[in-house]
Amino acid sequence: MELTIAQKLETLLKLQSIDSQLDELKKLRGDLPEEVRDLEDEVVGFETRINKFRKEIDALDNDINNHRANKKDAEKLIQKYKDQQMNVRNNREFDAIAKELELQELEIQLAEKRLKETEFKIKNKTNEIAEVDQAMQNRKKDLEVKRKELDVLIAESQEDEKKLSVSRDKAASHVEERLINAYNRIRGNAENGLAVVKVKRGACGGCFNIVPHQRQADIKDQKKIIVCEHCGRILADVEDAGLSKK
Ligand SMILES: [Zn+2]
């Protein structure tokens, strides 16, 4: 059974109302997933930094072992040279060994200096890890809260969305495809997702440009489908407060 123009317009308004509700639901969800993703990225970033610091500490630990080994080697040499010094045959030999001893003393000082520096670096890195870890724990708490919010929202809106989709399909099935396609096209081009609007206080409900009186009368008649001259939206009806239609 073919619908009258008035019935088609009524159906389009219904469709618009359903789609606007669906838009709202998606908008509600639309923000949270992004926030959750951002927080997840942040946590991964923190983990990466901590791992990098840990590797740097491993390398510094390795340096410490090397410096300690160098120190030990120098100490052994000193012991060896001191023994040799006991058995020298002349002053020249004694002086030569004294020079070697001096050199090894310097080696020990150098190793000790480097040990101190490296230990200081490790301490700093360890502090940095603690700071980053604290920040990460805070982000993880935020993430947990946001995830729960999102889960609730998804669960809630899934139900509504399903119901709205069923109503939408039912409404759409009453109108010919050509009109639905036009509706979808206009909706796709409109920033606020409105394809079908009413004339409100003499202006288009979509773009708020004035609709001339004669045109308003034609729209009220609902004998044909009329679009806004300015934005191309379908003007389904005239809403005039206090005045009854026809
Ligand atoms: Zn308009």
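The values are calculated or read from the model by the stated rules, or taken from the named source; none is laboratory data. These numbers were taken from a predicted model, which means no experiment stands behind them. Counting neighbours? That spans all protein chains shown, and the Cβs are built from the backbone with ideal geometry, glycine included. The area values use the complete protein model at the heavy-atom level, side chains included, leaving out ligands, DNA and RNA. Shrake-Rupley method; radii C 1.70, N 1.55, O 1.52, S 1.80 Å.
Of all residues in the range 128-156, those that are within 14 Å of F53 (Cα to Cα) and open to solvent by less than 90 Å² (accessible area, probe 1.4 Å) total 5.
Considering K125, K116, which residue is loosely packed, with under 13 Cβ neighbours inside 10 Å and modelled with pLDDT of 95 or more? Outline the logic, then answer.
On the way: K125 fails: loosely packed, with under 13 Cβ neighbours inside 10 Å.
One residue alone meets the criteria, K116.
A residue that is more than 18 Å from I57 (Cα to Cα), of a type outside the set (G, A, S) and touching a residue at least 12 places away in the same chain (Cβ under 8 Å) can be found somewhere in the range 130-139. Tallying residues that are hydrophobic (A, V, I, L, M, F, W, C), surrounded by 17 or more Cβ atoms within 10 Å (Cβ to Cβ) and away from the ligand (no atom under 13 Å from the Cβ) within the range 195-233 yields 0.
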